[in-house]
1. Restricting region 186-201 to residues that are within 16 Å of the ligand (Cβ to nearest atom) and in contact (Cβ under 8 Å) with a residue 12 or more places away in the chain, which is surrounded by the fewest Cβ atoms within 10 Å (Cβ to Cβ)?
2. Please identify the pairs in which a residue from region 27-52 that is of a type in the set (S, T, Y) has its Cβ atom under 8 Å from the Cβ atom of a residue that is surrounded by 13 or more Cβ atoms within 10 Å (Cβ to Cβ) and not in a loop (DSSP other than H, G, I, E, B), counting only partners at least 6 apart or on another chain.
3. Among the residues of region 213-240, which ones are more than 21 Å from Q96 (Cα to Cα) and at pLDDT below 95?
4. What number goes with the only condition from (1) under 20 Å from A167 (Cβ atoms); (2) assigned to a loop (DSSP other than H, G, I, E, B); (3) within 16 Å of the ligand (Cβ to nearest atom) that G107 does not pass?
5. Looking at region 239-264, which of its residues are β-branched (V, I, T) and either in contact with a Pro (Cβ under 7 Å, 6 or more places away or on another chain) or near the ligand (Cβ under 10 Å from one of its atoms) (or both)?
6. Within region 165-180, restricting attention to residues that are within 16 Å of the ligand (Cβ to nearest atom) and not hydrophobic (A, V, I, L, M, F, W, C), which residue is nearest to the chain's Cα centre (by Cα)?
7. Quick one: in region 111-146, of everything that is more than 17 Å from N256 (Cα to Cα) and among the acidic types (D, E), which residue is farthest from the ligand (Cβ to nearest atom)?
8. May I ask you to list pairs of residues, at least six apart or on different chains, whose Cβ atoms are under 7 Å apart, with the first in region 215-234 being under 22 Å from T260 (Cβ atoms) and touching a residue at least 40 places away in the same chain (Cβ under 8 Å) and the second being in a loop (DSSP other than H, G, I, E, B) and hydroxyl-bearing (S, T, Y)?
Amino acid sequence: VVRASGIGRVVATRCDTLPLGHYVYGLPGWQRYGVVRDDPLNTDLGPEVDPPALLSVYGATGLTAYVGIVDVGRVTDGETVVVSAAAGATGSLAAQIAKLHGARVIGITGREDKARWLLDELGLDGAIDHRRDDVRAKLRELCPDRVDVYFDNVGGPILDAVLDRLAMHARVVLCGSIAIYNETRRPPGPANYFQLINRRARMEGFLSLDHWDRFGEISARLGEWMAEGKLRYRTEVYEGLESAVDALNALFTGANTGKTVIRV
Ligand SMILES: NC(=O)c1ccc[n+]([C@@H]2O[C@H](COP(=O)([O-])OP(=O)(O)OC[C@H]3O[C@@H](n4cnc5c(N)ncnc54)[C@H](OP(=O)(O)O)[C@@H]3O)[C@@H](O)[C@H]2O)c1
């Protein structure tokens, strides 16, 4: 079964803590029915939830964005933050959480309408189109004080370009590396890693799975921002398990804006 986080409804149970009719958040994968156990990776959501909204903002997506920006990136007021795949599920939340911490945020994306969404609706301070713009030139223009935190979803040449623009004591948050997931040969390393030394910078990877015990705490924080109208999200829903491959491919072609959800 292809692994994926998701929400399912309990249709049969032998477990008191996961009662019939309740929704459960966990890692059900690409399947219509699955066995869920009472363990830390599965969270009872009760009988009334809006699964697409929940998957878009809370769960693994919100947890990843929050831990990356707050714990690993340690973003503070007035810093310059760059986020790649900024119009995607994780990036769009990471960028907004950085804004909520008082940062100047520049988003990198691959389509004009997504760049407009970042600027007009999410309130970012700048956008770079990695398909049309000269990314290095744009980083110089939009980050005159250099980059304090880079939330990296893509790796590859964009990571290299940002490494060349780091500020002193910058933090490079390694969330994902989608630009190299389909490489059939070993990809080249970041040629500019020496800038970490020049800039006394730190580069750190993290996995949201290691922070699952903070699901409740971080969901509550995100929920407060949602209630105050400070977080926005988009969801693209694909219908049926047979659409799962198209949904996955959309992440690689950049066809998606916001969170991609498959309803099975
Ligand atoms: N560390 C963790 O615990 C954790 C947890 C969840 C996800 N992740 C990682 O976070 C990243 C984002 O995941 P997501 O689920 O939120 O997906 P997503 O951002 O909603 O979708 C992926 C986006 O990546 C961009 N992209 C694809 N190929 C690219 C390339 N070669 N160069 C630049 N941009 C490219 C596309 O947007 P554009 O149109 O902007 O190019 C696409 O929309 C992935 O790398 C994923 O593996 C990590």
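1. P187
2. Hits for this filter: T43/V24; T43/Y25; T43/G26; T43/F215.
3. D213
4. (2)
5. Passing the criteria: T253, T257, T260, V261.
6. G176
7. The qualifying residue farthest from the ligand (Cβ to nearest atom) is D145.
8. S219/Y58; L222/Y58; R234/T257
The values are calculated or read from the model by the stated rules, or taken from the named source; none is laboratory data. Please read all numbers here as calculations on a predicted model, not as lab measurements. Positions of Cβ are backbone-derived with ideal geometry, glycine not excepted, and every protein chain shown enters the neighbour counts.
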